[in-house]
1. Looking for something touching a Pro at 6+ places or on another chain (Cβ under 8 Å), open to solvent by 30 Å² or more (accessible area, probe 1.4 Å) and not in a loop (DSSP other than H, G, I, E, B) - is there at least one such residue anywhere in segment 432-439?
2. In the list Glu583, Glu592, Glu496, which residue meets the criterion of being under 27 Å from Val218 (Cα atoms), in contact (Cβ under 8 Å) with a residue 12 or more places away in the chain and not aromatic (Phe, Trp, Tyr)?
3. Restricting the search to segment 525-549, which residues are within 14 Å of Ser473 (Cα to Cα) and in a strand (DSSP E or B)?
4. Out of Ala362, Ala295, I need the residue that is part of a strand (DSSP E or B), closer than 30 Å to Tyr412 by Cα and not acidic (Asp, Glu). Which one?
5. Please pick out the residue among Gly309, Gly288 that is farther than 26 Å from Thr360 by Cα and either open to solvent by less than 50 Å² (accessible area, probe 1.4 Å) or touching a helix residue (DSSP H, G or I) at 6+ places or on another chain (Cβ under 7 Å) (or both).
Amino acid sequence: MGRFRNSWRTFAMAGLVLWPSLVAAQSRQVTGTVTRTDGGQPIAEALVSIVGTLTSSRSGADGTFRIQAPAGEVRLIIRAIGFTRKDVVLRANESSITVSLNEDVFKLDEVVVTGQATTVSRRSATTSIAVVSGDEISKVSSPTIENALNGKVAGINLQTNSGAPGGGIQMQIRGNTTILGASDPLYVIDGVIYSNTRINGGRASAVAGASVTEDDPVNRVADINPNDIASIEVLKGAAASSIYGSKASNGVVVIKTIRGKTGQTRANLVQRVGTFDLQRDLKSRNFGAGDVEAAVGLWGEGARPFFSGGAPQAFNLYEEVFGRNAVSYETVGDVSGGTETTRFFVSGTWKRDEGIADNTGASRQSLRVNIDQKVSNTVDVQVSSVFNRSLAQRGFTNNGNNGGTAGYALAYQPNFQSLLPVGGVFTGPTLGTQGPGANPVQTHRLSRNESETNRFTGGMTLNWAAVSSERSSFRVTAAGGVDIFDQADDVFTPNELFFEAVQTRPGTAVEQSGDSRQTNWNVNGIHTFRPTSGAWQSTTAFGVQLEDRQQKVTRITNTNLVPGQSNINQGTNPVVAETFQKERTLAFYGQEDILLL
């Protein structure tokens with residue numbers, strides 16, 4: 001027995017020593033060229049992969065590629081964006097090949113999601129899936145990805161809360177599916193479930209008479225950098241719920257970010273500069289010299305002095321409130337490259353959009369690092385991470401029942417009385433008792449409505465091609481991720497505002513902290529079987545998923561502030577509120593796809 005054990009150890013040690021040379025002897029280097037069928041021009045960045053393994057390579061600018069292939073006959077799959085896929089059989093005695101691809105006019109060979117870890121070409125998809133490339137998203141600078149999707153996907157409805165900068169868009173994919181609940185789709189970025197929660201900042205608390213639904217919050221999808229996106233898939237059918245559960249009843253938006261590519265290190269730098277201007281305004285009635293009695297009937301005897309010299313001067317009140325057009329800018333830079341075993345993509349963005357009203361604007365700074373590591377011919381790891389800081393200065397727009405917002409107050413303001421200060425003193429916004437008492441120029445210059453968010457999203461995916469052959473394969477995919485953000489809101493309306501001065505406790509300050517934590521992980525097994533005839537194919541997938549979600553919001557509101565003070569403790573009527581939500585989901589799933597004909 002002892003001799004047997006010693007002999008076994010000897011053979012094991014010899015196997016470990018000889019294994020690298022045996023593997024080298026059973027593999028070969030294959031070179032090739034990928035060209036267009038029409039004209040023969042080379043195709044750059046074409047993906048060449050070996051069926052049954054995780055080995056892949058990409059063609060260079062001249063269309064050439066190199067890949068390490070096992071001995072014997074192998075099958076290569078060549079894909080390129082905008083071209084149809086092609087399968088090529090490489091015989092055992094061949095070491096070079098030339099492949100020509102046809103242009104894919106209808107984009108039927110695009111790979112789309114069909115499950116947690118399964119994909120299929122678009123031509124074979126049984127559900128409605130819309131695909132938007134990253135080039136279409138970043139072609140024109142947009143505040144958020146939802147703005148960039150406008151007009152690019154049929155069947156979705158995008159609604160903007162207001163014109164305030166920083167976000168605030170609702171997306172509906174399948175129409176209204178609930179009366180009281182949210183209608184937003186589920187967002188998944190590089191396998192990580194992404195929170196799109198809206199945390200009310202407290203503006204409604206400062207504008208007395210406004211309801212919570214008028215708070216005009218920012219949706220957190222605004223944190224996504226459109227410049228990092230490689231593709232967006234919108235799952236509109238009911239199959240979205242079968243993949244991600246009931247939380248996907250409103251559809252799913254699957255986002256993939258840019259990954260590094262094999263080849264020389266490449267660096268890109270983009271600088272954009274511009275201004276934002278008022279797109280359109282509502283016209284006001286111009287009063288003539290003979291309209292004095294009509295003006296007095298609307299605004300009282302205080303309007304008569306404006307007609308003492310004949311027809312009063314007409315002011316563009318919308319231009320006075322929304323006439324700011326400071327310079328906005330966006331700086332985007334990225335570095336990418338790698339070898340056949342390690343690829344990387346690093347990007348950074350610094351963006352500042354200036355608002356058209358005083359003390360409004362939105363800024364975003366983000367840093368993304370994506371790394372792909374090939375551990376062996378059967379194992380690879382993908383890591384995605386991004387840190388994002390955003391600041392939204394929303395101002396006071398949209399609705400507000402006491403005139404605390406510009407849109408509501410301007411509807412009651414005659415255009416023969418300017419809203420601008422004279423000698424540093426603001427005049428009353430209205431004459432007599434007609435309409436609410438607020439001056440939008442004063443409100444924006446003296447008040448604050450800001451929301452700062454710091455966010456980290458990271459995930460890792462491990463793929464293992466456990467079994468592979470010409471007819472069948474089995475792979476295991478494990479993925480996990482975390483999405484964390486902290487939102488701090490600061491709202492301040494001082495005593496001297498016209499709509500605050502008439503309150504019982506003038507002056508309001510709101511300080512709020514919102515924390516969101518989401519984690520998710522899943523393990524999946526995928527088996528694919530192809531008969532020798534190739535007439536059909538079956539894909540069996542099964543796995544387990546675990547998700548944890550929690551959100552805590554703490555708000556302090558204080559009124560009757562000391563004049564000239566904005567600190568939360570300088571009032572006499574503090575109100576504290578706190579909410580906490582926690583949810584855990586454990587799910588098991590199975591899925592069978594059969595591709596016939």
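The values are calculated or read from the model by the stated rules, or taken from the named source; none is laboratory data. Treat the numbers as computed from the prediction; the structure is a model and nothing was measured. Cβ: placed from backbone, ideal geometry, glycine included. Neighbour counts: every protein chain shown. Just so you know, the surface numbers come from the protein's heavy atoms only, side chains and all, with ligands and any DNA or RNA stripped out. Shrake-Rupley method; radii C 1.70, N 1.55, O 1.52, S 1.80 Å.
1. The answer is no, given that none of the residues of segment 432-439 is touching a Pro at 6+ places or on another chain (Cβ under 8 Å), open to solvent by 30 Å² or more (accessible area, probe 1.4 Å) and not in a loop (DSSP other than H, G, I, E, B).
2. Glu583
3. Once the filter is applied, which keeps residues that are within 14 Å of Ser473 (Cα to Cα) and in a strand (DSSP E or B), segment 525-549 yields Gly525, Ile526, His527, Thr528, Phe529, Gln537, Ser538, Thr539, Thr540, Ala541.
4. Only one candidate qualifies: Ala362.
5. After ruling out the rest, the residue left standing is Gly288.
For every residue, the table says whether it meets (1) of a type in the set (Asp, Glu); (2) under 25 Å from Thr508 (Cβ atoms); (3) open to solvent by 60 Å² or more (accessible area, probe 1.4 Å); (4) not in a loop (DSSP other than H, G, I, E, B).
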residue	(1), (2), (3), (4)
Asn558	no, yes, no, yes
Gly571	no, yes, no, no
Gln591	no, no, no, yes
Leu597	no, no, yes, no
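Residue-by-condition table, conditions (1) under 30 Å from Val422 (Cβ atoms); (2) of a type in the set (Ser, Thr, Tyr); (3) in contact with a strand residue (DSSP E or B) (Cβ under 8 Å, 6 or more places away or on another chain):
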residue: Ala303; (1), (2), (3): yes, no, no
residue: Asn325; (1), (2), (3): yes, no, yes
residue: Glu330; (1), (2), (3): no, no, yes
residue: Leu391; (1), (2), (3): no, no, yes
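For every residue, the table says whether it meets (1) outside any strand (DSSP E or B); (2) touching a helix residue (DSSP H, G or I) at 6+ places or on another chain (Cβ under 9 Å); (3) open to solvent by less than 60 Å² (accessible area, probe 1.4 Å); (4) among the hydrophobic types (A, V, I, L, M, F, W, C).
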site: Phe387; (1), (2), (3), (4): no, no, no, yes
site: Ser390; (1), (2), (3), (4): no, yes, yes, no
site: Thr397; (1), (2), (3), (4): yes, yes, yes, no
site: Leu420; (1), (2), (3), (4): yes, yes, no, yes
site: Gly428; (1), (2), (3), (4): yes, yes, yes, no
site: Asn449; (1), (2), (3), (4): no, yes, yes, no
site: Trp464; (1), (2), (3), (4): no, no, no, yes
site: Ser473; (1), (2), (3), (4): no, no, yes, no
